[in-house]
Amino acid sequence: MDDTQPAMGADPVQPDGPRAQQRSAGGEPGALSSVTVTRTGPGRLRAQAPGGAAVEFGTADGLLSPAELLLAALAGCMAATVEEPLSRAGEPELLELTARARHQSGADGENTLADLGLEARLRLAAGPGGEARTAERARRLLDLAHERYCTVSRTLHHGADAQLSSHIDVGGIGSAAHGEAGAP
């Protein structure tokens, strides 16, 4: 089997190809995803998907920050991408992914995350071929998820640019909508 192309269902620890991965970690090609974030109180925000799923986050005590939510999206996408193929080979005893990043602020005041990293911890029962073969397949699955199938990992890798548009209503009089960030 070619290391860059997973066989369709040939190995219970391999992904079933791009369509299976998109369902678990990102949606169908060409589909538009959206999440609406609404302020619910001081330092409290709620992200809600069209299907109704929601998560509370913000700057208030006890909530994930937006940067932590980005790290959760990265680790969560990887976990969602590998969970199904790993489970077909037998329920993982441990599936834990930790995403880390260093906060940095440039001289111009620009805030970013740098040195993003992922650490995966798996505990699996030995499958066909023994412990070494099971570990090799799991490592390969993680690599494929990170390099090809995890939507968040791939988006961060490619440095996607988010465009901003705004609609501002001040005192009920409204304002013109703006296109890209910084546009007059």
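The values are calculated or read from the model by the stated rules, or taken from the named source; none is laboratory data. None of these values were measured; they are calculated from a predicted model. Here the Cβ positions follow ideal geometry from the backbone for every residue, glycine too, while neighbour counts run over all protein chains shown. Quick note on the areas: whole protein, heavy atoms, side chains included, nothing else; ligands and nucleic acids left out. Shrake-Rupley method; radii C 1.70, N 1.55, O 1.52, S 1.80 Å.
Exactly one of these conditions fails for ARG148: (1) open to solvent by 80 Å² or more (accessible area, probe 1.4 Å); (2) touching a His at 6+ places or on another chain (Cβ under 6 Å). Give me its number.
Just one mismatch for ARG148, condition (2).
Take region 127-145 and flag every residue that is open to solvent by 60 Å² or more (accessible area, probe 1.4 Å), more than 14 Å from VAL82 (Cβ to Cβ) and in a helix (DSSP H, G or I). Lay out the reasoning, then the answer.
Within region 127-145, the first condition is being open to solvent by 60 Å² or more (accessible area, probe 1.4 Å), and the residues that meet it are 128-129, 131-133, 136, 139, 143.
Adding the requirement that they be more than 14 Å from VAL82 (Cβ to Cβ) leaves 128-129, 131-133, 136.
Passing the criteria: GLU131, ALA132, ARG133, GLU136.
Considering only residues that are without any contact (Cβ under 8 Å) to a residue 24 or more places away in the chain and under 17 Å from VAL82 (Cα atoms), which ones fall in region 149-171? Steps first, please.
From region 149-171, those without any contact (Cβ under 8 Å) to a residue 24 or more places away in the chain are 154-155, 157-171; that's our starting set.
ARG154 - this is the single residue of region 149-171 that is without any contact (Cβ under 8 Å) to a residue 24 or more places away in the chain and under 17 Å from VAL82 (Cα atoms).
If you scan region 146-166, which residues turn out to be touching a strand residue (DSSP E or B) at 6+ places or on another chain (Cβ under 7 Å) and either in a loop (DSSP other than H, G, I, E, B) or of a type in the set (Gly, Ala, Ser) (or both)?
Those that are touching a strand residue (DSSP E or B) at 6+ places or on another chain (Cβ under 7 Å) and either in a loop (DSSP other than H, G, I, E, B) or of a type in the set (Gly, Ala, Ser) (or both): SER165, SER166.
Looking at ALA31, ALA49 in this structure, which one is open to solvent by 40 Å² or more (accessible area, probe 1.4 Å) and over 14 Å from the mean Cα position of the chain (by Cα)?
Being open to solvent by 40 Å² or more (accessible area, probe 1.4 Å) and over 14 Å from the mean Cα position of the chain (by Cα) holds for just one of ALA31, ALA49, which is ALA31.
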